[in-house]
Structures are given as C-alpha cells and as structure tokens.
Amino acid sequence: MSRYAEEVERHKKALLRDPFPYWLGAILLGLLNIALLAFSNHGWGVTTSFAHWGAWIAKAFGAHPETWAFYQSEANAKALAGGFLNDGGSIQNLGIIFGALLATLLASQFRVKKIKSYRQVIAAVLGGLLMGYGARLSYGCNIGALFSGTASMSLHGWVFMIAMFIGAYFGSKLLTKYFM
C-alpha cells in the first residue's frame, strides 16, 4: 500500500470510525447552535415538535387538537396548521435521527440486540414515557432546556442541569436495582 493510500485510510478512520475529541464536538455543537439561532430566531429544541407529531397523528384519527389549550397560542396553531414539512423543528428532529443512524452505520457500530426480558421492555417504555412527560413539563429536554438554556446563560438551564444530574443518579440506581 502506498504512503498516500495509508494517509487516506488513516484520515478516513479518524473521521468516520474513531470518536471525535470532546473539544471538537463542543466547538461543532456551539457553531451549529449559533447558526440555528441566526437562521431561525430561536434556540435548539426537540420536544415541541414531538408534541406536534402527536397532534398530527391524533388529527389523522379524527381528534381536534386545534381546540386543545396548547394550540391556542399563535405559534403552536401555526405549526399545527402548517404540517410536518413546514415545521423546522420536525426537520431538525429527522436530521438528528438520521444523523445518529448514519454515524452509527459509518462507525460499523449498528447492532440489533436480542431483548433479554420483559422487564427490559417495561423499563424502556416506562422510562421513555417519563422522560417525554418530564420534558414537556419542564418546557424542554436536555437540548432545549439544558444546551440552549446554558448557552444563553439563562438560570433555568443551570437549574435544569443540576436537576438532571440528580435525576440521572437516582434513575441509574433504580435501573441497576430493579431491571439489570
């Protein structure tokens, strides 16, 4: 193998297979957050679009989410009426999902794992529901409330960070005691 081919292979491995250093990830996330704020006039968020997804699905089954209290605000009513492809947050969420899948595939880390027990399924479903409910109660998740909140030096972001670490500590203790 030529020296040039070895260099190309080394750079390809560093870019596609090896994890990025934390400092590079922090810089890239910061630049993406600045770009998002400049182009959309709002911080990065995830969970509001998930609420819209649920409303669009409910509407497809005959519900009337336009009468719900959440959709009485002008911004949320506009998002509901605009649909999926006109919702910037939905497009961002698709980017997160497909970006994570692409990164996993490029790093050859994608695996389909066998479910060990029904308790694992219950823990996953219960944990997902509690996380989603908590994210809507706190008006954000670790991206919207923590990342965008701390980046803008808002007090709520820092309080969220402390509460998240406390919750993660106790959640991991419960997980290892009852589900592992």
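Some values worked out for this structure:
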{"read-out": "Phi to ³J(HN,Hα) by Karplus 6.51 cos²θ - 1.76 cosθ + 1.60 over the stretch 166-171, Hz, x for Gly, Pro", "value": "5, x, 5, 4, 5, x"}
{"read-out": "Loop chymotrypsin sites (Phe, Trp or Tyr not before Pro), the stretch 1-108, which have at most 15 other Cβ atoms in a 10 Å radius of their Cβ (DSSP)", "value": "Phe61, Trp68"}
{"read-out": "Karplus (6.51, -1.76, 1.60) ³J(HN,Hα), θ = phi - 60°, over the stretch 99-106, in Hz, Gly and Pro reported as x", "value": "x, 5, 5, 4, 4, 5, 5, 5"}
{"read-out": "Cα centre as origin, Lys/Arg/Asp/Glu Cβ charges: the stretch 7-61 dipole, Debye", "value": "120 debye"}
{"read-out": "Unit charges on C-beta of K, R, D, E only; dipole of the chain, Debye", "value": "840 debye"}
{"read-out": "Contact order normalised by residue count of the chain, Cα under 8 Å, 6+ apart, percent", "value": "24 percent"}
{"read-out": "For the stretch 63-77, 3J(HN,Hα) per residue [Karplus equation, 6.51 cos²θ - 1.76 cosθ + 1.60, θ = phi - 60°, Hz, x = Gly/Pro]", "value": "6, 10, x, 4, 8, 6, 4, 4, 9, 8, 6, 4, 5, 5, 5"}
{"read-out": "24 Å Cα-Cα reach of Lys59 towards lysines, excluding residues that sit fewer than 8 places from it in its own chain", "value": "Lys78"}
{"read-out": "Dipole of the chain, positive end: most advanced residue of Gly30, Ala81, Phe50 [Cβ charges, Cα centre]", "value": "Phe50"}
{"read-out": "Gaussian network model of the chain, springs between alpha carbon atoms under 10 Å - residue of Gly140, Gly30, Gly43 with greatest fluctuation", "value": "Gly30"}
{"read-out": "Fewest-first sequence of His64, His52 by Cβ atoms within 10 Å of each Cβ", "value": "His64, His52"}
{"read-out": "Euclidean distance between Cα centres, the stretch 30-57 to the stretch 125-180, Å", "value": "18 Å"}
{"read-out": "Charge tally in the Cβ shell below 14 Å around Ala107, where Lys, Arg are +1 and Asp, Glu are -1, Ala107 excluded", "value": "+3"}
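Every number here is computed from the coordinates shown, using simple stated rules; none is lab data. Predicted, not measured: the structure shown is a model, and the values here were computed from it. Please note: Cβ atoms are built from the backbone with ideal geometry, for glycine as well, and neighbour counts cover all protein chains shown.
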